[in-house]
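See structure below.
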Amino acid sequence: MFQTSQRRELGNAAPARRIARAISPVILELLESRRLLSTHPWTITAGHTDVYLEPGSPTGRVEVHLDSSGGFLDHTFTNTDGMDVISAGTQTGVTFHADVPAALKPTTDGTDDGIKVVGSSGCKLEVNAGEDDKLIEVTAATSTTGTVRTQDTSIFTYGYDRWASGVSKLILRANNNGFATINVGSVGLPDTLSLDIETGAGTNDNINLIAGDLQLVHNAVIHTGAGDDVVWVGPGDDDADGSVSATVDFDSTSLDSGNELHIIDQATVTLAHTTSSTATIAVDVVTVQSELDTAILHVTDPALIGELHLWSNTDTGAGTETAIVDAASTINTLECQYGGTALIEYP
């Protein structure tokens with residue numbers, strides 16, 4: 001009697017165990033699939049060096065075009081959330097043109113969001129602001145990865161563009177509507193990454209190349225100056241232990257355009273053309289100010305400066321500020337305080 005009962009019990013339990021064993025892999029497979037699908041990879045077709053990432057439909061989908069924004073459609077991502085990862089594969093020298101506005105990028109799936117590009121070598125990421133994208137800032141940067149956060153200020157929505165290994169140049173381009181703010185430097189930039197900032201025809205733009213504590217930002221090029229554009233370059237911490245260097249170019253050729261350049265502690269700025277233009281660079285106000293370290297302005301192309309102020313710390317005079325003029329230039333007002341030095345070296 002006992003043996004029969006035991007056999008019956010075992011016989012009833014066996015199917016349950018078989019079902020459990022069958023279900024477990026399915027559950028694990030579904031969970032694993034869900035985790036993997038939070039990133040969506042695509043490798044571009046070989047032989048193309050310009051890749052355009054364009055908004056698709058519905059919102060959140062991204063199209064990958066080759067050679068131009070309306071060129072061959074290489075791939076359409078069907079997801080609207082998670083992260084789209086576009087790889088150059090073995091193709092070198094690829095420029096990724098990220099043209100998807102902040103509000104139209106893939107949203108978060110709880111883990112990942114936005115767009116990421118992966119280079120091979122010598123690749124570039126160009127982030128182009130949408131019509132309502134007024135804030136562009138680098139929020140993370142290492143020798144192999146980085147993040148650009150863009151905000152559509154009309155609806156306060158953020159979108160994210162990221163880069164991984166193989167990208168050696170970052171280009172940030174504001175739209176032509178003006179009133180944009182571009183913030184770079186709080187997390188520093190590696191020396192292996194060069195930076196270009198363009199504000200185009202937009203006016204009232206603010207560019208802040210301000211290094212955070214112990215951060216470095218070098219190899220930066222800023223091209224602005226349509227009108228009422230303001231550039232700040234220097235460390236943003238109290239002890240000025242960051243370091244910044246940049247070449248700055250203003251499009252304006254006459255004064256009263258409202259353009260300003262401000263250089264502060266531990267910063268070196270070269271005022272020079274970043275394009276093939278040979279016109280005089282006009283800036284209404286330039287300040288070179290230092291409280292703890294050395295701030296330097298170096299003028300290497302013909303310039304017209306309305307006011308040039310060299311200011312040091314009024315209490316200690318600890319800082320050193322220098323303006324070196326190596327090109328035929330006109331400075332209407334020159335002010336030196338507490339040790340400021342102006343070197344006019346053009347013959």
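The values are calculated or read from the model by the stated rules, or taken from the named source; none is laboratory data. All figures in this text were calculated on a predicted structure; none of them were measured in a lab. All Cβ positions, glycine included, derive from the backbone under ideal geometry; neighbour counts span all protein chains shown.
Taking the criterion of being acidic (D, E), touching a Pro at 6+ places or on another chain (Cβ under 7 Å) and on the phi < 0 side of the Ramachandran plot, would at least one residue in region 107-124 satisfy it? Yes, region 107-124 has at least one match.
For beta carbons closer than 8 Å, sequence separation of 6+ or different chains, a first residue in region 98-114 that is over 18 Å from T153 (Cβ atoms) and a second that is buried (at least 24 other Cβ atoms within 10 Å of the Cβ) and of a type in the set (K, R), the qualifying pairs are D113/K105.
Yes or no, residue by residue, for (1) part of a strand (DSSP E or B); (2) closer than 22 Å to S186 by Cβ; (3) out of contact with any helix residue (DSSP H, G or I) (no Cβ under 9 Å at 6 or more places or on another chain); (4) of a type outside the set (A, V, I, L, M, F, W, C):
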| position | (1), (2), (3), (4) |
| --- | --- |
| T92 | no, no, yes, yes |
| A103 | no, no, yes, no |
| T111 | no, no, no, yes |
| V127 | yes, yes, yes, no |
| K134 | yes, yes, yes, yes |
| E137 | yes, yes, yes, yes |
| A140 | yes, yes, yes, no |
| S143 | no, yes, yes, yes |
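If the condition is being in contact with a helix residue (DSSP H, G or I) (Cβ under 8 Å, 6 or more places away or on another chain) and among the aromatic types (F, W, Y), then region 153-211 contributes only Y158. Among the residues of region 145-165, those identified as surrounded by fewer than 19 Cβ atoms within 10 Å (Cβ to Cβ) and under 26 Å from D191 (Cβ atoms) are T145, T147, A164, S165. Scan region 292-307 for residues that are over 16 Å from A272 (Cα atoms) and either touching a Pro at 6+ places or on another chain (Cβ under 7 Å) or not in a loop (DSSP other than H, G, I, E, B) (or both) and the total you get is 4.
Of the residues contained in region 235-254, one or more are found to be within 17 Å of L297 (Cα to Cα), touching a His at 6+ places or on another chain (Cβ under 7 Å) and acidic (D, E).
Restricted to region 247-291, and to residues there that are of a type in the set (G, A, S) and part of a strand (DSSP E or B), the residue that is nearest to E198 (Cα to Cα) is A282.
For region 41-57, residues that are assigned to a strand (DSSP E or B) and not charged (D, E, K, R) total 7. Can you name the residue in region 58-89 that is of a type in the set (S, T, Y) and in a loop (DSSP other than H, G, I, E, B) and, of all such residues, is surrounded by the most Cβ atoms within 10 Å (Cβ to Cβ)? Going through the qualifying residues, I end up with T80. Quick check on S68: is it farther than 20 Å from T39 by Cα and modelled with pLDDT under 95? No; evaluated as a whole, the condition is false for this residue.
Every test in (1) more than 26 Å from T139 (Cβ to Cβ); (2) in contact with a Gly (Cβ under 8 Å, 6 or more places away or on another chain); (3) of a type outside the set (F, W, Y) is passed by T253 save one, and that test is (2). Quick one: is A342 more than 20 Å from T253 (Cα to Cα), at pLDDT 90 or above and not in a loop (DSSP other than H, G, I, E, B)? In short, no. Number of residues in region 233-273 that are in contact (Cβ under 8 Å) with a residue 60 or more places away in the chain and surrounded by 19 or more Cβ atoms within 10 Å (Cβ to Cβ): the value is 1.
The set of residues in region 278-301 being over 15 Å from A327 (Cα atoms), hydroxyl-bearing (S, T, Y) and surrounded by fewer than 20 Cβ atoms within 10 Å (Cβ to Cβ) consists of T287, T294. Under the condition of being at pLDDT 95 or above, in a loop (DSSP other than H, G, I, E, B) and either surrounded by fewer than 18 Cβ atoms within 10 Å (Cβ to Cβ) or not β-branched (V, I, T) (or both), the residues counted in region 194-232 number 10.
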